[in-house]
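Everything below concerns the one structure shown next.
Bear in mind that the values in this text are calculations on the coordinates, not laboratory data. In this text the structure is predicted, and so the values were computed from the model without any measurement. Counting neighbours? That spans all protein chains shown, and the Cβs are built from the backbone with ideal geometry, glycine included.
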Amino acid sequence: MAIRFHNTLTRRVEEFVPGRPGEVRMYHCGPTVYSTPHIGNYRTFLLGDLLRRFLEWKGLRVLQVMNLTDVGHLLDDAEEGEDKLEAAAKKAKKTAWEIAEHYTQEFFEGLDYLGFKRAHHYPKATTHVAEMIAMIEVLEQKGLAYKVPSGNVYFEIAKFPAYGRLSGNTAEELEAGARIEVNPEKRDPRDFALWKIDAHHQMQWDSPWGRGFPGWHIECSAMSKKYLGESFDLHTGGEDNVFPHHECEIAQSEGASGKPFVRHWMHARHLLVDATKMSKRLGNVHTAQSLRAKGYSGEALRVALQKAHYREPLNFTLAGLDEAEKKVARYRDVAERLASAAAPGAATGTAAAAPSSAMATLLSDLRGRFEAALDDDLNVSVAFAVLDEAVGEANRRAPQGADAAAHLALLRELWSVFGLVEKSLESAALADAQVQALIDEREAARKRRDFKRADEIRVLLKERGIELLDGKDGVRFKRSSDRPGGDAKS
Ligand code: AMP
Ligand code: ZN
């Protein structure tokens with residue numbers, strides 16, 4: 001079935017056709033690493049992760065790039081003022097480099113907690129300054145950029161008539177907006193900086209225009225070109241990125257290459273918390289770290305952040321996260337039940353025997369409706385409803401043997417598109433292995449007549465709901481809530 005996504009450029013839901021058959025090249029604006037990313041940032045990043053998982057599930061090869069902005073992004077996305085990294089460094093009495101390093105780590109911690117698939121590249125702005133300088137030189141040669149006496153280099157909007165097409169801002173509106181910051185050096189108030197000279201800036205590079213640092217917008221144009229080429233399929237960001245950031249990226253990239261930059265632009269609406277904007281003053285800023293410290297699972301947070309359509313507002317509440325946690329627990333529960341009802345060895349969800357034809361029909365219908373929902377501009381509400389229906393059917397029918405294995409295989413497939421239940425099944429398997437290791441240790445202790453240690457292990461396992469069954473042919477264990485399992489050698 002054809003995939004249809006909304007395209008900010010055309011303001012329509014239209015068929016998504018990659019430039020090269022079977023392959024998708026996509027770029028996501030990543031974090032500015034000057035503070036701990038909040039869950040709103042992760043809502044936007046999860047749009048990228050969902051696209052990756054969905055497109056791969058559809059059988060497409062995906063090349064995914066997300067940049068790390070570690071220089072040049074000024075406070076309030078402004079044209080003039082202080083660099084976010086430098087401001088944070090001053091406050092923390094650290095260098096901008098230390099700040100970047102620290103918050104990059106925190107960003108990756110958040111990705112792991114939330115179970116993101118790692119992108120293929122996470123280019124840092126500070127290690128791609130040469131590529132940015134090269135692109136600014138091309139723009140200068142083409143007469144699209146000009147240097148002013150201070151050494152700053154600006155992009156000349158008047159030379160790029162398509163400016164404003166993405167955001168729909170008319171030339172007058174853009175001019176009115178830009179006039180707030182009067183800068184007599186610019187030929188037009190709408191012109192934006194490509195290269196900046198500022199003696200007080202910590203991060204500096206030599207360039208044909210003097211020692212300075214790049215503007216924020218040129219970073220994404222230069223880094224996307226390096227990893228994805230001059231034209232690629234998909235570019236995402238949060239709604240605030242449409243203007244000016246993405247408008248400027250288009251002007252730079254198309255200005256330099258003379259080719260269409262991105263076929264499809266997708267933007268995520270902002271996340272609200274308790275129906276208001278997240279702000280430190282209101283104390284409603286949640287981060288991956290703060291929610292993990294409260295004991296929430298990354299999977300529950302994924303559900304809470306992915307349950308609304310990316311173009312719809314999403315209001316985050318802790319009560320909603322509690323609900324999501326319950327949903328994830330129901331998912332894990334049904335996964336475990338299906339795994340034990342399936343034939344031995346089918347816990348991975350790969351059915352050895354064929355399911356009954358009634359089961360095959362049911363699963364194919366569910367799969368088809370799930371796919372159709374996501375094909376329709378990522379209609380996650382319908383997709384989650386189909387997923388929950390599949391879980392409900394598993395509970396109602398309690399399939400056995402090959403039917404259970406096939407049902408679990410389908411659920412795992414659908415969950416994996418949302419990045420769910422992957423880790424929990426792994427951790428159930430890990431728990432089995434840990435139990436086994438403890439049983440082996442207990443047996444070894446008994447052999448060396450260390451009954452104290454042997455007893456300690458029995459108590460420890462008991463506390464975790466695991467009962468040991470000593471038998472003629474070894475020790476078996478039983479979880480208080482479920483099936484006997486794990487044959488142990490004695
Ligand atoms: P930043 O680290 O500020 O560069 O932002 C990283 C990404 O998060 C950008 O794509 C922003 O558009 C996006 N973003 C910022 N605030 C929110 C929010 N409240 N909800 C969703 N996305 C956001
Ligand atoms: Zn960007």
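Karplus-based coupling profile of the stretch 7-12, in residue order and whole Hz: 10, 4, 5, 9, 6, 9, with θ = phi - 60° in 6.51 cos²θ - 1.76 cosθ + 1.60 and x standing for Gly or Pro.
Note on the chain: helix-only mean residue ellipticity at 222 nm, from DSSP H runs of 4+ residues weighted -39500 (n - 2.57) and normalised by residue number, equals -15000 deg cm²/dmol. Relative to the longest principal axis of the Cα atoms of the chain, helix 451-463 runs at roughly 70 degrees. Scanning residues 5 or more positions from PHE16 or on other chains, those with amide H under 5 Å from its amide H are ILE3, ARG4, PHE5, with H placed 1.01 Å from N in the peptide plane. With a ≥ b ≥ c the root eigenvalues of the C-alpha gyration tensor of the stretch 4-268, is it rounded (a/c under 1.5), prolate (a/b larger than b/c) or oblate? Oblate, since a/c reaches 1.5 and b/c is not below a/b. The peptide list 274-280, 213-219, put in order of mean Cβ contacts within 10 Å with the highest first, becomes 213-219, 274-280. By the rule of a C-alpha distance below 22 Å, with chain neighbours fewer than 8 residues away ignored, the lysines paired with LYS472 are LYS447, LYS462, LYS489.
I need the shape label for the stretch 432-479. Rule: rounded when a/c is under 1.5, else prolate if a/b > b/c, else oblate, with a, b, c from the alpha carbon gyration tensor. Each step should come with its number before you reach the end.
Numbers: a/c = 1.66, a/b = 1.24, b/c = 1.34.
Judged from the Cα gyration tensor, the stretch 432-479 comes out oblate (a/c at least 1.5, b/c at or above a/b).
Between LYS142 and ARG449, the modelled labels are 8.6 nm apart [label points 7 Å from Cα along Cα→Cβ]. The shape of the stretch 129-274 comes out rounded: with a ≥ b ≥ c from the C-alpha gyration tensor, a/c is under 1.5. Within a straight-line Cα-Cα reach of under 28 Å, LYS90 can be paired with the following lysines, leaving aside sequence neighbours fewer than 8 residues apart in one chain: LYS124, LYS196, LYS277, LYS280.
Partner aspartates and glutamates whose Cα lies under 20 Å from the Cα of LYS91, excluding those fewer than 8 positions away in the same chain, are identified as ASP70, ASP76, ASP77, GLU80, GLU82, ASP83, GLU101, GLU106, ASP198. Computed over the stretch 76-133, the quotient of the alpha carbon radius of gyration and 2.2 N^0.38 Å is 1.35. A dipole drawn for the chain from +1 and -1 charges on Cβ atoms has a positive end, and of ALA145, ALA100, PRO244 the residue lying farthest that way is ALA100. Around the amide H of ALA145, modelled in the peptide plane, lie the amide H atoms of GLU140, GLU156, all under 5 Å away and 5 or more residues distant in sequence or on another chain. An ellipsoid equivalent to the chain, defined through the eigenvalues of its Cα gyration tensor, has semi-axes of 51, 27, 19 Å when rounded to whole angstrom and sorted largest first.
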